[in-house]
1. Do we have any residue at all in segment 12-33 that's outside any helix (DSSP H, G or I), within 24 Å of ARG137 (Cβ to Cβ) and at pLDDT below 75?
2. Taking LEU121 as the residue in question, decide whether it is modelled with pLDDT under 90, assigned to a helix (DSSP H, G or I) and surrounded by fewer than 16 Cβ atoms within 10 Å (Cβ to Cβ).
3. Determine, yes or no, whether ALA96 is surrounded by 15 or more Cβ atoms within 10 Å (Cβ to Cβ) and at pLDDT below 90.
4. How about segment 102-118: which of its residues are surrounded by 15 or more Cβ atoms within 10 Å (Cβ to Cβ) and under 11 Å from the mean Cα position of the chain (by Cα)?
5. Sort out which residues of segment 35-59 are modelled with pLDDT of 75 or more and either outside any helix (DSSP H, G or I) or of a type in the set (A, V, I, L, M) (or both), and write them in order of number.
Amino acid sequence: MRIEPAGRPPATNGPGTAKPSSGFAALLDAAAQAEAVLRNAPAAPPQALSASLEDVASHRTADRQARRHGRAMLQALADLQRAILAQAPAGGEADAVLAVLITLAGLASSTPEAHDPVLRLIMREIGVRAATELARRAAAPDGARA
C-alpha cells in the first residue's frame, strides 16, 4: 500500500482515469451504481407490471406443456424400442409396433412451442428422433426393422 503526501491527488492509471477498486470495495461501488440507476429509473405503470406477470405465466404454461409433451414422445420412443425388441424374427407382434407408431405419429404431428430456448432445442431434437423413426418404419417393408 502506498501512502501519498497530504495535498497530492491520488495515483491514477493514466490521464483522467481513477485507479480501479478491488475486492469488496468494487462490489460496494457496483451496488451503489446499480442503486443510483434504479433510483433514477422511471416507475413502471401498474398495467405494464400486470402484462409482464401475465407473460411470465403464459411462458411457464407453454414450457410446462412442452415438457409434458416431450416426456410423452420419449415414452413413445421407448415403447417403440421395446416393441421392436419383443418382436419375433418371423414378424410376430407387428400390431404392437404399429400401435406405438400411430401414437408416436400423433404426438410428433402436434408439438407445442416452448418459450425457453434450451427446452425448444430439446423438443426439436426429440421431434427429429421421432421423425427419423417414423420415416425408417415407413420405408421398411411390412414394418420390419430397418
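1. There is no residue in segment 12-33 that is outside any helix (DSSP H, G or I), within 24 Å of ARG137 (Cβ to Cβ) and at pLDDT below 75.
2. No: the conditions fail for LEU121.
3. Answer is yes for this residue.
4. Within segment 102-118, ALA114, HIS115, ASP116 qualify.
5. VAL56, ALA57
The values are calculated or read from the model by the stated rules, or taken from the named source; none is laboratory data. Nothing here was measured: the structure is a model prediction, and the numbers come from that model. Here Cβ is always computed from backbone atoms with ideal geometry, including for glycine, and neighbour counts include all displayed protein chains.
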